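Q: Structure in structure tokens, see below.
The values are calculated or read from the model by the stated rules, or taken from the named source; none is laboratory data. As the structure is a computational prediction, the values presented were derived from the model and not from experiment. Every residue, glycine among them, receives a Cβ derived from its backbone with ideal geometry; neighbour counts consider all protein chains shown.
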Amino acid sequence: MAKEKSNTVKIATLAICIAVVCVFTMVIKIPTARGYLNPCDVAICFIAYTLGPVTAGLSAGLGTALADAIGGYPQWAAISFIVHGLEGLLMALIMSKETITFARKLIAGLVCMVVVAGGYCLLAGFFLTGFPTAIAEIPGNLIQSGVGVVAGFILSEAVRKAYPPVKTISW
Amino acid sequence: MLKVDNLSFSYTVYESTSNRVLFDNVSFECRENENILILGRPEKGKSTLSMILSGLTPKYNDGNLTGSVTYDSLSCEEALERMNIFSLVPQNATDFIITSTVEEEVVFPMQSLCLDREEMKKRLDEALSFWGLNRYRNISTSELSGGEKRRLMLATSDVVYSKYNILDEAFDDLDVSYRKKLSDRLKERKRATVVFASHYLNCFDSVFDKVYILDGTLALADNSSIEEFSKIEHVVFENKLSSDELIVKNLTFTHPHRSVLEEEPFKIKVDNFSLKRGEVITLRGLNGSGKSTFSSILCGLYEKDSGEIIYRSKSLKKKELSRIVGYMFQNPDFQIFLPTAYDELAFALDYLKLSSKEKERRVTELLKLFRLNGDDVASLMSYGERKRLQCAIYYSLNRPFYILDELDSALDYEESIRLIKLLSANGAGILLITHDEAFADAITNHGYYIENGVMYAN
Amino acid sequence: MQINTYIAGSSLYHRFDVRAKIIFTILMCIVVFFDMPLYVHYALTLLITLLSLTTVKLKVTLHNIKLMLPVTIFMVLFMPLQERGGSALLSYKSFTIITTEGLNIVLVLISRFYFISMICTLLLESSTSRDILLALKSFHLPDSFCMVLSLALRFIPSFASTFTRIKDSQRLRLPNPDEEGEKKSFTKLIPTFTSALVVALKSINTTAAALDLRGYGRSKNKAEFYTLEGGKKLFTHLAISIIIPAIFLITLEALHG
């Protein structure tokens, strides 16, 4: 029984998702051997898994862009918006079916890694830092998005079990 | 006239067949310029009723509603169109804030009403100065204290100039001077007001034309039933007091104050504090006086600036404190993350490394003790149930001391006392933080109170 | 958590209309990609630094530069990989380390990166977020979208502090909180993440109710309390924001020709 979502609920959902992505990007730093990972992809994966393509794309793009702008790196905001927005949109489209098989998750994960690593490489290479530096970022981005996606799937399951109404939130 | 006719409501729990019937047969009327008080214990449906009167439930909170609510013969379903007619001051101020600064928050509803700019400015200045928020105009809403947020909600509701006002526990977080301001304003009877409260306060005298009690249904109350409602039995905790004591000496702490105003940083000063195992004492103080800060230091979250915290003749460091003192946070949702109540308790017992049979037995015992259903989805349980779950988790931790933050505002008196008995019977020392004077007096003579960061013994 | 990028001040750039500032920033970021001699790139770099010094003073300017350093150092380090086929500038025995063309390209990249970073940061430091949102609205961004952005900005600081409190309370419910605090790994963070997401999701309905209560969507044309000044001042500023890049491009054309 899907209730027609009122405007206010849609606005509230999108705003909260943007804030979630932003906080995951800015506030949380998971230390690893190579420095810090930021789990923005964890949040994006969760939103793509649970909510619809529009919400996922917009919240991923705007959340990361805001995090860049607020954190002191506004030059990256536009690139983050495009790259992560695309990441959220594509992942949500892949996972828009009712039951999500392992194959779909795998494809979504690979798409995420390619979009993030490739997107940053291309856009940063052309517009900001030149290709050698951009290419050097690829391994780091692959690891971050790869780990992020796996963690995101685990988290999505955990949240679904802890709070079943999450299934009705998507729009 | 606000006319409520035969209202009955039950929450629909997600994908479950059980329905929690909150109340039925609720009927009352409120004429223009009349003041009505509805008293009710926690969990009896006051906030739900206030949301129903504002047309927000069941629109935003699933449930079955029968009966009718009409304002001057108009239904309240479309709250949007009825902004001039009624307004709500919600109990949970934080959740209802939608902008980033105090000024923007008060301006927002006026923009929706399409007032012209001069009028907006006039009402804004009026409301902000009445509620003492003028200095906070450009402060971020995330930095306000509980009392300031409450005043912000009152100001935001004031500027709408609505005919009927619904105040849900609005008096609660306010200090004495603002309570007086609010009750004086109600006495002026410029607008009709329905006030929901869980305690009958002194400032209520001669304010209300009618008083009701909400308990499954709505009943008109007279002086004797109000007294009965407010009465609480004196309790004696028969615990053996151990000589193990938690002692605090000469503690000071400076709280990093909010960034925008050039005010004195907030200092906490505790010369002498002691809590014995098995003892139950209270800590009172107004909102923002330092109760939560002191508790955070005591449980090892913040590092004190100076002083000592001593247990068993040893001066404890921040890390060691977290094992000795269990601080039960006010919001139980911060600690719940597993699917069912059973899972949560099993997780809590994990560290004991019990056999699965023994663990099952213990969890079942805990569930029974705290009156919980193991299959219930933890996040969907009622607030009171989540609070009991949190209590059960802390109970299984077996800490020597517990700090219970505002337990009595979430649960019934009897339930609160029962839980305090359970926790202290195991030999734990209990520090109960509360701002309910009557409750505090009923359960113990010993206690402390904090005023502006300085602690005094009762 | 401080999410305010605005730094109060009364410099000329502070008082420059925010809409003109946005247009100026975008146009100049485009201009900087045109082909121009190295000295022109560095003239731009100097000019933007001067603008920063007059707008936000030395300490903030230095802080902004500090944030750019890591990437800049990387770009310098990877210089050997640029334009391997060019004329050797620096070589060891017969192995070319850096070519002239490589050096040139990297110098251009650094200047461009510096310029773009600085001008974007200046935009955020000289205008309040409220003004920027108002500017977006006047650029005909839909009202619902602006509502979403302002609501998101309201939530970011409180989610950040809620997250910290959840992390603390999850730690304190463990039997040995002092030991658990030492080991940080993802599995230890799952409870915190789960709890935080549930708390965030649960607040959706109440937020929507609040919007409803405060009359959002009540009428098509709601009143505006906060407005951006229009009139002659706006016209002048808009003109300046377009003329400066235009003059620049014309000068470049002249130089080439």
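Q: Would you check if residue C:89 is more than 16 Å from the chain's Cα centre (by Cα) and farther than 30 Å from residue C:150 by Cβ?
A: Numbers: more than 16 Å from the chain's Cα centre (by Cα): yes; farther than 30 Å from residue C:150 by Cβ: yes.
For residue C:89, the condition - more than 16 Å from the chain's Cα centre (by Cα) and farther than 30 Å from residue C:150 by Cβ - is met.
Q: Being closer than 26 Å to residue B:52 by Cα, more than 23 Å from the chain's Cα centre (by Cα) and not assigned by TED's automatic domain parsing to the domain that holds residue B:302 narrows it down to one residue among B:211, B:207, B:194; which is it? Don't jump to the end; show me each part of the working.
A: Numbers: B:211 fails: more than 23 Å from the chain's Cα centre (by Cα); B:194 fails: more than 23 Å from the chain's Cα centre (by Cα).
Exactly one of B:211, B:207, B:194 is closer than 26 Å to residue B:52 by Cα, more than 23 Å from the chain's Cα centre (by Cα) and not assigned by TED's automatic domain parsing to the domain that holds residue B:302, namely B:207.
Q: If residue A:158 meets every condition in (1) within 16 Å of the chain's Cα centre (by Cα); (2) part of a helix (DSSP H, G or I) apart from one, which number is that one?
A: The failed condition is (1).
Q: Just one of the numbered conditions (1) touching a residue at least 60 places away in the same chain (Cβ under 8 Å); (2) under 27 Å from residue B:201 (Cα atoms); (3) of a type outside the set (Ser, Thr, Tyr) is not true of residue B:414; which one?
A: Status for residue B:414: all satisfied but (1).
Q: While we're looking at this one, here's another question. Could you give me the residue pairs with C-beta distances under 9 Å whose first residue belongs to the stretch A:44-65 and is within 20 Å of residue A:77 (Cα to Cα), whose second residue is crowded, with 22+ Cβ neighbours inside 10 Å and aromatic (Phe, Trp, Tyr) wherever it lies, and which are 6+ apart or on separate chains?
A: Once the first residue is within 20 Å of residue A:77 (Cα to Cα) and sits in the stretch A:44-65, its partners that are crowded, with 22+ Cβ neighbours inside 10 Å and aromatic (Phe, Trp, Tyr) give A:44/A:24; A:56/A:49; A:63/A:24; A:64/A:76; A:65/A:76.
Q: Report yes if some residue within the stretch A:87-101 is among the charged types (D, E, K, R) and modelled with pLDDT of 85 or more; otherwise report no. Give the steps one after another, and end with the answer.
A: So in the stretch A:87-101, the residues among the charged types (D, E, K, R) come out as A:87, A:97-98.
Then drop every residue that is not modelled with pLDDT of 85 or more, which leaves A:87.
Yes: one or more hits.
Q: Quick one: how many residues across the stretch B:92-107 are facing chain C (nearest Cβ under 7 Å), over 23 Å from the mean Cα position of the chain (by Cα) and charged (D, E, K, R)?
A: 0
Q: Go through the stretch B:111-158 residue by residue and tally those that are within 27 Å of the chain's Cα centre (by Cα) and either away from every other protein chain (no Cβ under 11 Å) or over 25 Å from residue C:152 (Cβ atoms) (or both).
A: Of the residues in that region, 23 qualify.
Q: Continuing with the same structure: Provide a single number: the residues in the stretch B:102-114 that are over 28 Å from residue B:48 (Cβ atoms) and either surrounded by fewer than 22 Cβ atoms within 10 Å (Cβ to Cβ) or acidic (Asp, Glu) (or both).
A: The qualifying residues number 4.
Q: State whether one or more residues within the stretch B:369-383 are of a type in the set (Gly, Ala, Ser), modelled with pLDDT of 90 or more and touching a Phe, Trp or Tyr at 6+ places or on another chain (Cβ under 9 Å). Working first, answer last.
A: First, the residues of the stretch B:369-383 that are of a type in the set (Gly, Ala, Ser): B:374, B:378-379, B:382.
From what's left, modelled with pLDDT of 90 or more: none.
No: the stretch B:369-383 contains no residue that is of a type in the set (Gly, Ala, Ser), modelled with pLDDT of 90 or more and touching a Phe, Trp or Tyr at 6+ places or on another chain (Cβ under 9 Å).
Q: Here is a further query. How about the stretch B:353-458: which strands (runs of 3 or more DSSP E) wholly inside it have at least 3 residues that are crowded, with 18+ Cβ neighbours inside 10 Å?
A: Numbers: elements: B:401-405, B:429-433, B:447-451, B:454-457.
The qualifying strands (runs of 3 or more DSSP E) are B:401-405, B:429-433, B:447-451.
Condition check ((1) in a loop (DSSP other than H, G, I, E, B); (2) farther than 16 Å from residue A:17 by Cβ; (3) within 11 Å of chain C (Cβ to nearest Cβ)) across all residues:
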position	(1), (2), (3)
A:42	no, no, yes
A:47	no, no, yes
A:54	no, no, no
A:58	no, no, yes
A:64	no, no, no
A:68	no, yes, yes
A:80	no, no, no
A:85	no, no, no
A:89	no, no, no
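Conditions tested, residue by residue: (1) of a type in the set (Lys, Arg); (2) buried (at least 17 other Cβ atoms within 10 Å of the Cβ); (3) in contact with a Phe, Trp or Tyr (Cβ under 6 Å, 6 or more places away or on another chain).
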{"position": "C:21", "(1), (2), (3)": "yes, yes, no"}
{"position": "C:25", "(1), (2), (3)": "no, yes, no"}
{"position": "C:41", "(1), (2), (3)": "no, yes, no"}
{"position": "C:56", "(1), (2), (3)": "no, yes, no"}
{"position": "C:78", "(1), (2), (3)": "no, yes, no"}
{"position": "C:88", "(1), (2), (3)": "no, no, no"}
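Q: Can you tell me which of (1) without any contact (Cβ under 8 Å) to a residue 24 or more places away in the chain; (2) of a type in the set (S, T, N, Q); (3) more than 30 Å from residue C:110 (Cβ to Cβ) is the one residue A:96 doesn't meet?
A: Failed condition: (1).
Q: Mind checking whether some residue in the stretch B:371-385 is more than 29 Å from residue B:292 (Cα to Cα), within 14 Å of chain A (Cβ to nearest Cβ) and not acidic (Asp, Glu)?
A: From the stretch B:371-385, those more than 29 Å from residue B:292 (Cα to Cα) are B:373-377; that's our starting set.
So of that shortlist, the ones also within 14 Å of chain A (Cβ to nearest Cβ) come out as B:375-377.
Adding the requirement that they be not acidic (Asp, Glu) leaves B:377.
Checked against the condition, which is being more than 29 Å from residue B:292 (Cα to Cα), within 14 Å of chain A (Cβ to nearest Cβ) and not acidic (Asp, Glu), the stretch B:371-385 yields at least one hit.
Q: What residue, among those in the stretch B:433-458 that are within 21 Å of the chain's Cα centre (by Cα) and of a type in the set (A, V, I, L, M), is nearest to residue B:265 (Cα to Cα)?
A: Here the answer is B:450.
Q: Show the residue pairs meeting these rules: Cβ distance below 7 Å; 6+ apart or different chains; first residue within the stretch C:194-205 and without any contact (Cβ under 8 Å) to a residue 12 or more places away in the chain and more than 7 Å from chain B (Cβ to nearest Cβ); second residue part of a helix (DSSP H, G or I) and among the aromatic types (Phe, Trp, Tyr).
A: C:197/A:46
Q: Test residue C:105 against the criterion of being buried (at least 18 other Cβ atoms within 10 Å of the Cβ), over 21 Å from the mean Cα position of the chain (by Cα), in the same structural domain as residue C:31 (by TED's automatic domain parsing) and part of a strand (DSSP E or B), and give yes or no.
A: Working: buried (at least 18 other Cβ atoms within 10 Å of the Cβ): yes; over 21 Å from the mean Cα position of the chain (by Cα): yes; in the same structural domain as residue C:31 (by TED's automatic domain parsing): yes; part of a strand (DSSP E or B): no.
Criteria not met by residue C:105.
Q: Can we say residue A:67 is within 26 Å of residue C:165 (Cα to Cα), at pLDDT 90 or above and under 11 Å from the mean Cα position of the chain (by Cα)? Please lay out each step first, then the result.
A: Details: within 26 Å of residue C:165 (Cα to Cα): yes; at pLDDT 90 or above: yes; under 11 Å from the mean Cα position of the chain (by Cα): no.
No; evaluated as a whole, the condition is false for this residue.
Q: Which number in (1) more than 14 Å from chain A (Cβ to nearest Cβ); (2) under 21 Å from the mean Cα position of the chain (by Cα); (3) touching a residue at least 12 places away in the same chain (Cβ under 8 Å) marks the one condition that residue B:331 misses?
A: Unmet condition: (3).
Q: Looking at the stretch B:27-60, which of its residues are part of a loop (DSSP other than H, G, I, E, B), closer than 17 Å to residue C:209 by Cα and either away from chain C (no Cβ under 14 Å) or among the aliphatic types (A, V, I, L, M) (or both)?
A: Of the residues in the stretch B:27-60, the ones part of a loop (DSSP other than H, G, I, E, B) are B:31-34, B:40-45, B:54-60.
Then drop every residue that is not closer than 17 Å to residue C:209 by Cα, which leaves B:54-60.
B:56 - this is the single residue of the stretch B:27-60 that is part of a loop (DSSP other than H, G, I, E, B), closer than 17 Å to residue C:209 by Cα and either away from chain C (no Cβ under 14 Å) or among the aliphatic types (A, V, I, L, M) (or both).
Q: Another question, if that's okay. Tally the residues that are farther than 17 Å from residue C:195 by Cα and within 9 Å of chain C (Cβ to nearest Cβ), restricting the search to the stretch A:147-168.
A: Of the residues in the stretch A:147-168, 1 are farther than 17 Å from residue C:195 by Cα and within 9 Å of chain C (Cβ to nearest Cβ).
Q: Further question on the same structure: So which residues in the stretch A:132-146 are more than 8 Å from every other protein chain (Cβ to nearest Cβ) and either part of a helix (DSSP H, G or I) or over 21 Å from residue C:117 (Cβ atoms) (or both), if there are any at all?
A: Result: A:134, A:135, A:138, A:139, A:140, A:141, A:142, A:143, A:144, A:145, A:146.
Here's the yes/no breakdown for (1) at positive phi; (2) not aliphatic (A, V, I, L, M):
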position: B:390; (1), (2): no, yes
position: B:422; (1), (2): no, no
position: B:443; (1), (2): no, no
position: B:446; (1), (2): no, yes
position: B:452; (1), (2): yes, yes
position: B:457; (1), (2): no, no
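Q: Inspect the stretch C:64-80 for any residue being under 15 Å from residue A:132 (Cα atoms), at pLDDT below 85 and in contact with a strand residue (DSSP E or B) (Cβ under 7 Å, 6 or more places away or on another chain) and give the result as yes or no.
A: Checked the stretch C:64-80: at least one residue is under 15 Å from residue A:132 (Cα atoms), at pLDDT below 85 and in contact with a strand residue (DSSP E or B) (Cβ under 7 Å, 6 or more places away or on another chain).
Q: Can you pull out the residues in the stretch B:204-223 that are surrounded by fewer than 18 Cβ atoms within 10 Å (Cβ to Cβ) and within 27 Å of residue B:181 (Cα to Cα)? Reasoning before the result, please.
A: Just the residues of the stretch B:204-223 that are surrounded by fewer than 18 Cβ atoms within 10 Å (Cβ to Cβ), to begin with: B:205-206, B:209-210, B:215-217, B:219-220, B:222-223.
Correct list: B:205, B:206, B:209, B:210, B:220, B:222, B:223.
Q: One residue is enough: does the stretch B:2-23 have a residue meeting the conditions closer than 26 Å to residue B:183 by Cα and without any contact (Cβ under 8 Å) to a residue 60 or more places away in the chain? Spell out the reasoning first.
A: Here is the first cut: in the stretch B:2-23, the residues closer than 26 Å to residue B:183 by Cα are B:2-4.
From what is left, the residues that are without any contact (Cβ under 8 Å) to a residue 60 or more places away in the chain are none.
No; the residues of the stretch B:2-23 include none that is closer than 26 Å to residue B:183 by Cα and without any contact (Cβ under 8 Å) to a residue 60 or more places away in the chain.
Q: If you go through the stretch B:300-312, how many residues are crowded, with 22+ Cβ neighbours inside 10 Å and modelled with pLDDT of 90 or more?
A: 1
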